[in-house]
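Some notes on the structure that comes next.
The values are calculated or read from the model by the stated rules, or taken from the named source; none is laboratory data. Nothing here was measured: the structure is a model prediction, and the numbers come from that model. Cβ: placed from backbone, ideal geometry, glycine included. Neighbour counts: every protein chain shown.
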Amino acid sequence: MKIMKKHGVAAVAAAMLTATAVTVSGCSSGGSGVASDEDQTIVVWDYYGSASPITAAVPEFEKTHKNITVQVEALDWDSMLDKFPVAVSSGAAPDLVTADMTWLPTFASGGLLSDLTPVSKDMINGKAFSDVYNAGALGAMKYNDTYVAAMYDFDAYCLYYRSDVLKAKGLTVPTTWDEFLQTVSSMAEDTDGDGTFDKYALQILPDSFHFAQLLAQNGGRFLNEDDTVAEFNSDAGVGALAYMQKLLDAGGIYWGPSEGDSTGMPGIKDERIGMFINGPYMMGVIKDGAPEQSGKWAVAPAPVGKQQGSYLGGTGLVIPTGAKHAAAAWEFAQFLLAPENQEAVFTAAGAAPATTAGLAMPALSEPDPYFGGEVPFKDFEAAMETATPFPYVAEWESIDSSITNALETALLGKASPKDALDAAAKSADSELAK
Amino acid sequence: MIAPAVIILGLLTFWPMALSFVWSFTKYTGLGDPQWVGFQNYLDLLGDPLFHQAALNTAFFAVTTMAVGPALGLATAILLNRKMRGRAFYRAAFFLPVTTALVAVAAVWKLLLNDGGIVNQALGLFGITGHQWLADPNTALPAIAIASIWQGFGFEMVVFLAALQGLPPDLLEAASIDGAGPFRRFWHVVLPYLRPTFVFVYVIGLIGAFQVFDQVYVMTQGGPINSTLTVVYYLINRFRALDLGQASAIAYLLVAVLAGLSYLQVRLARKWS
């Protein structure tokens, strides 16, 4: 970033040249097959951090695959996003990468991701993709009808709430939008009387992930069926944003980009946040970040509007274009997707395994003391059934940015939901027309 | 002897610059062949409201920081050019933020300006209700500018201090003998003497100000409502969207503006001298 600041795009190009000097593979073999007598080193880029289920799986994999050495390189989410295109375009692509599912439209449309069919024959550990994943996940893994990712963990939203506070205030878990509004209003407190809620408030994140949840529940969609025109400014979209605004006014705490940490952990720790809607990965985050609140939190299905619905995301395992050891990388990917190793997504990282067999592993159905002895995973699994990914269009990055801008504009009271979304839709249509 | 340096410079600086200049006339994702589009990327930018906002924000940041920073640096330099107790300590203290990583400084300022941060707590002591400085589109960019001025004015102070120490004392003495008071000595002797230093400070400062990125990245990520979106931040966004052609065009527009401003400053300096 420092280089970028000094020389702009020239530095990008410089970085690309420099990246070519980086040896990402210790193997001279350029073949795509995995001959048993051929030693290979695959390079894996992993953004899971210190609690990585991928790093944990390497010793066992290397034991059973004597000719394949796995070299894991840890990168944070932002670095991965910046370095991945540079590495691929400079011919220095790693062999396997953990990629946020929201990156897929941009990366796939840019030609950065390999079609997995040639290397997998659409099979994972001897089973067809369709037998390994549910329908929502299968849809999210495809770009232009070809598989470009194998989903490793999934993200679908449920309601996290402070069960102790809810109980103390004599409230019940909300199941509909109307009930949710009432509950949020009763939960949140303005302790210093400055007009803003500072205790047990609902975290309101002005991002397209959370808007997607409400949009889907209100019967709306981001784009039309052909993905050629914006539809998020329909009555359903405007209603969804107006409802978001009502939640904020009733008892929400605005958690914009300046808060930095979108998980809301600082607010959870100091109890400004008493409710939030987020994915299963937050179970691990909250346990690590607020161990003193063990037993005080619970998870429930997100309150329903006109219908069920959620944003669907997560992490996909992708093989970049130009990967030198695609077959060996796929071997490792299959190993990671085996049910016993999928369990580690939960036990090591506290996230949700994406395969149906992984979700059925015993560790995921054990009562969780942190969440009052309940089994939160069943709610996330149910949410996944009706979840949908973002539209898979090349322009999504720009459209997402316009939507976020509209959400901020409306939630900060600078424009009505309709005006804000109309402006964003105009910008999105212009992008799509390109 | 200089061949290795020239080769390295050429390979790592001039060649990529030339490459990205060519890309600025293409549609290019980084893979495959760039597709020639002529001036389309530049024309798109000129009609892009988001780019206009980024340019305006950047100009606001540059004007604000360059109006206050050098003035503060000069005032501090004049104060610390006098004999006083603890002078070395103060000089080091004011320069310390310059040596600190910009990201660290931004992170600290973010904590200070947060809802429950020290700034709001201090205001609370006087019965003043705090403000969400970084979450309000009206105050986010000024807040970033203030943090940047605090971080950077120590550099300007050192440069002015070095120049002031080279000021021949007999010039000031002669002015005093002629009856000039402190203000007239400052206006008619010190300021003209510092003119080349001002040019240096403004050329370097403006180049840095127009490339503001780190503070925005850490403190607001371009929000809220794009109120802190800057040109370089927008460039990175285009890069992340794999639109290398437009990202390159933004970089060259920035180069053109900075080159123009630097040329203007040098011309003005020559005219005044």
Qualifying strands (runs of 3 or more DSSP E) (wholly inside segment A:268-341; at least 3 residues being within 29 Å of residue A:220 (Cα to Cα) and modelled with pLDDT of 95 or more): A:273-278, A:297-301
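Here is a check on your reading of the model: is residue B:156 more than 13 Å from chain A (Cβ to nearest Cβ) and surrounded by fewer than 17 Cβ atoms within 10 Å (Cβ to Cβ)? Don't jump to the end; show me each part of the working.
Numbers: more than 13 Å from chain A (Cβ to nearest Cβ): yes; surrounded by fewer than 17 Cβ atoms within 10 Å (Cβ to Cβ): no.
Here the answer is no, as residue B:156 does not meet what is asked.
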Restricting segment B:23-39 to residues that are surrounded by fewer than 16 Cβ atoms within 10 Å (Cβ to Cβ) and more than 10 Å from chain A (Cβ to nearest Cβ), the one modelled with the lowest pLDDT turns out to be B:33
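Among the residues of segment A:203-216, is there at least one that is polar (S, T, N, Q), farther than 30 Å from residue A:365 by Cα and out of contact with any helix residue (DSSP H, G or I) (no Cβ under 8 Å at 6 or more places or on another chain)?
Checked segment A:203-216: no residue is polar (S, T, N, Q), farther than 30 Å from residue A:365 by Cα and out of contact with any helix residue (DSSP H, G or I) (no Cβ under 8 Å at 6 or more places or on another chain).
Considering only residues of segment B:228-273 that are assigned to a helix (DSSP H, G or I) and of a type in the set (S, T, N, Q), which is nearest to residue B:23 (Cα to Cα)?
Residues of segment B:228-273 assigned to a helix (DSSP H, G or I): B:231-240, B:244-272.
Adding the requirement that they be of a type in the set (S, T, N, Q) leaves B:237, B:246, B:248, B:262, B:265.
On the way: B:237: 17, B:246: 8, B:248: 6, B:262: 25, B:265: 30 Å.
Top of the filtered list is B:248.
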If you take the residues of segment A:112-128 that are in contact (Cβ under 8 Å) with a residue 12 or more places away in the chain, outside any loop (DSSP other than H, G, I, E, B) and hydrophobic (A, V, I, L, M, F, W, C), which of them is farthest from residue A:84 (Cα to Cα)? A:124
Any hit, segment B:102-115, residues being under 19 Å from residue B:71 (Cβ atoms) and surrounded by 15 or more Cβ atoms within 10 Å (Cβ to Cβ): no
Residues of segment A:52-96 being in contact (Cβ under 8 Å) with a residue 40 or more places away in the chain and basic (Lys, Arg), which ones? A:83
With criteria (1) over 26 Å from residue A:88 (Cα atoms); (2) touching a Lys or Arg at 6+ places or on another chain (Cβ under 8 Å), residue B:51 comes up short on (2)
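Looking at B:29, B:64, which is the one that is β-branched (Val, Ile, Thr), assigned to a loop (DSSP other than H, G, I, E, B) and touching a Pro at 6+ places or on another chain (Cβ under 9 Å)? Break it down into steps so the answer makes sense when it comes.
On the way: B:64 fails: assigned to a loop (DSSP other than H, G, I, E, B).
Just one listed residue meets the conditions, B:29.
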Search segment A:383-394 for residues that are outside any loop (DSSP other than H, G, I, E, B) and pair each with any residue that is polar (S, T, N, Q) when their beta-carbon atoms are under 6 Å apart and the residues are at least 6 apart or on different chains. A:383/A:310; A:387/A:310
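Okay, residues lined up against (1) within 12 Å of chain A (Cβ to nearest Cβ); (2) of a type in the set (Val, Ile, Thr); (3) without any contact (Cβ under 8 Å) to a residue 60 or more places away in the chain:
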| site | (1), (2), (3) |
| --- | --- |
| B:205 | no, no, no |
| B:213 | yes, no, yes |
| B:221 | yes, no, yes |
| B:225 | yes, yes, no |
| B:238 | yes, no, yes |
| B:244 | yes, no, no |
| B:253 | yes, no, no |
| B:258 | yes, no, yes |
| B:262 | no, no, yes |
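Considering A:385, A:374, A:366, A:381, which residue is surrounded by fewer than 24 Cβ atoms within 10 Å (Cβ to Cβ), out of contact with any helix residue (DSSP H, G or I) (no Cβ under 8 Å at 6 or more places or on another chain) and modelled with pLDDT under 90? Full working, then the answer.
Numbers: A:385 fails: out of contact with any helix residue (DSSP H, G or I) (no Cβ under 8 Å at 6 or more places or on another chain); A:374 fails: modelled with pLDDT under 90; A:381 fails: out of contact with any helix residue (DSSP H, G or I) (no Cβ under 8 Å at 6 or more places or on another chain).
Selected residue: A:366, the only one of A:385, A:374, A:366, A:381 that is surrounded by fewer than 24 Cβ atoms within 10 Å (Cβ to Cβ), out of contact with any helix residue (DSSP H, G or I) (no Cβ under 8 Å at 6 or more places or on another chain) and modelled with pLDDT under 90.
Condition (residue is within 30 Å of residue B:244 (Cα to Cα), at pLDDT below 50 and more than 14 Å from chain B (Cβ to nearest Cβ)) applied to segment A:5-23: is it met by at least one residue? Please lay out each step first, then the result.
Here is the first cut: in segment A:5-23, the residues within 30 Å of residue B:244 (Cα to Cα) are A:5-23.
Next, only the ones that are at pLDDT below 50 stay: A:5-23.
Still in the running and more than 14 Å from chain B (Cβ to nearest Cβ): A:22-23.
Yes, the conditions are met somewhere in segment A:5-23.
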Sole miss for residue B:138 among (1) assigned to a helix (DSSP H, G or I); (2) within 14 Å of chain A (Cβ to nearest Cβ) is condition (1)
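Given the criterion among the charged types (D, E, K, R), farther than 19 Å from residue A:258 by Cβ and over 19 Å from the mean Cα position of the chain (by Cα), identify the matching residue among B:156, B:173. Before you say what the answer is, go through the steps one by one.
Working: B:156 fails: over 19 Å from the mean Cα position of the chain (by Cα).
Checking each option against the conditions leaves just B:173.
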Within segment B:209-226, identify whether any single residue is of a type outside the set (S, T, N, Q), at pLDDT below 90, in a helix (DSSP H, G or I) and in contact with a Lys or Arg (Cβ under 8 Å, 6 or more places away or on another chain), and answer yes or no. no
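Here are A:91, A:126, A:139, A:110: which of them is within 14 Å of chain B (Cβ to nearest Cβ) and surrounded by fewer than 19 Cβ atoms within 10 Å (Cβ to Cβ)? Reasoning before the result, please.
On the way: A:126 fails: within 14 Å of chain B (Cβ to nearest Cβ); A:139 fails: within 14 Å of chain B (Cβ to nearest Cβ); A:110 fails: surrounded by fewer than 19 Cβ atoms within 10 Å (Cβ to Cβ).
Step by step, each of A:91, A:126, A:139, A:110 is checked, and only A:91 is within 14 Å of chain B (Cβ to nearest Cβ) and surrounded by fewer than 19 Cβ atoms within 10 Å (Cβ to Cβ).
Scan segment A:391-415 for residues that are closer than 22 Å to residue A:434 by Cβ and either within 14 Å of another protein chain (Cβ to nearest Cβ) or at pLDDT 95 or above (or both) and report the count.
Of the residues in segment A:391-415, the ones closer than 22 Å to residue A:434 by Cβ are A:391-406.
After this cut, where a residue has to be either within 14 Å of another protein chain (Cβ to nearest Cβ) or at pLDDT 95 or above (or both) as well, the list is A:393-406.
Residues in segment A:391-415 being closer than 22 Å to residue A:434 by Cβ and either within 14 Å of another protein chain (Cβ to nearest Cβ) or at pLDDT 95 or above (or both): 14 in total.
What about residue B:45, is it surrounded by 16 or more Cβ atoms within 10 Å (Cβ to Cβ), among the aliphatic types (A, V, I, L, M), closer than 23 Å to residue B:216 by Cβ and touching a residue at least 24 places away in the same chain (Cβ under 8 Å)? So that I can check it myself, show each step before the final result.
Values: surrounded by 16 or more Cβ atoms within 10 Å (Cβ to Cβ): yes; among the aliphatic types (A, V, I, L, M): yes; closer than 23 Å to residue B:216 by Cβ: yes; touching a residue at least 24 places away in the same chain (Cβ under 8 Å): yes.
Answer is yes for this residue.
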